1. Probe radius 1.4 Å, ligands and nucleic acids ignored: give me the carbon and sulfur share of the accessible area of the chain as a rounded percent.
2. So how far apart, in nm, are the two label points at Ala233 and Arg124 if each is 7 Å from Cα heading toward Cβ?
3. Quick one: putting +1 on the C-beta of Lys and Arg, -1 on the C-beta of Asp and Glu, what dipole do you get for the chain around its Cα centre, in Debye to the nearest 20?
4. Considering only protein heavy atoms, what per residue accessible area in square angstrom results for the stretch 108-209 with a 1.4 angstrom probe?
5. Work out the FRET efficiency for Phe161 and Ala112 from their Cβ-Cβ distance, taking R0 = 41 Å, and round it to the nearest 0.05.
6. Restricting to Cα pairs below 8 Å that are 6+ residues apart, what does the relative contact order work out to for the stretch 1-121? Please round to a whole percent.
7. Quick one, which of [x] 40; [y] 59; [z] 49 is the actual percent of Cα pairs over 24 Å apart calculated for this model?
8. How much net charge surrounds Phe179 when only the other residues with a Cβ under 13 Å from the Cβ of Phe179 are counted, with Lys and Arg +1 and Asp and Glu -1?
Amino acid sequence: ASRSSFNPLMCELISFNPGPWLAGNQRFIRQVWSWPGAMIWLALAVTALIKLAEHMSGWLAASTQVLDPGNWLRLGLVWAGLKFVHEMGHALASERFGAAVSRAGLKLMMFAPVAFVDVTASWRLANRWQRIAIAASGMLVELAVTFVAVLLWTPGSSSLFDRLCVDIALLAGGHTLLFNLNPLMRFDGYYMLTDLLGITNLAAEGSRHVTRLRRYWFGGVELPPLAESTARARGLLIYGLLAVVWRG
């Protein structure tokens, strides 16, 4: 970027073309995104959840130490690594479904280094389920990392390795469920929902319906008939109201 366009809150630091690497690992990619791969993911999930259920008190005790000030540097490094893994999940899925990835790298967002992968080519895929799978792939990979970390964790141990397992599981699983999967924020869950509903500008449409209702109740403005069906309008209004509540 030029000096005049530099923005310390959002700027690209490093970029490269992962296309040759992805093209050279097609066999691995197809194995990951296959029914056997899905069965392995599910087996990891079930096994990890059973272990957590058996050792929940020990897990909760270990979790309370994660936010200790002495742990912040390690958390930052773990978070950066997980974001790279997350983005590679998107890249692998995009390549699997035929949407080439030509750009990836590191950018600065709010003074924090964040990995990124350009999967805009996936938006042109005709199959919406493939687009949804690509949007979900980063979360699926992070959850797989979560399950592995739980299975490697030794209950009752305070070793660095076991504390690292807890850090990884909480950051990967917690961030995925609270933020990336949340359709009220413009992360993966939002784009999955827009594709599922077939509404491209879901946030804008929801906001429009909230504004319309507010003008009716508080401004005394008569509302013209809606162009869309009543069920669709109600759905958009509910989404808009939930987004307002989430934003606080």
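The values are calculated or read from the model by the stated rules, or taken from the named source; none is laboratory data. Here the structure is a predicted model, which is why all the values come from computation and not from measurement. So basically every Cβ, Gly included, is an ideal-geometry build from the backbone, and we count neighbours across all protein chains shown. Heads up: the accessible areas ignore ligands, DNA and RNA and are worked out on the full protein's heavy atoms, side chains in. Shrake-Rupley method; radii C 1.70, N 1.55, O 1.52, S 1.80 Å.
1. Using a 1.4 Å probe with all protein chains present, the chain comes out at 68 percent carbon and sulfur.
2. Going by the 7 Å Cα→Cβ label model, 3.8 nm.
3. Rounded to the nearest 20 debye, it is 600 debye.
4. About 49 Å² of surface per residue is accessible.
5. Calculated value: 0.95.
6. 45 percent
7. Checking each listed value against the structure points to [y].
8. Net local charge, Phe179 excluded: 0.
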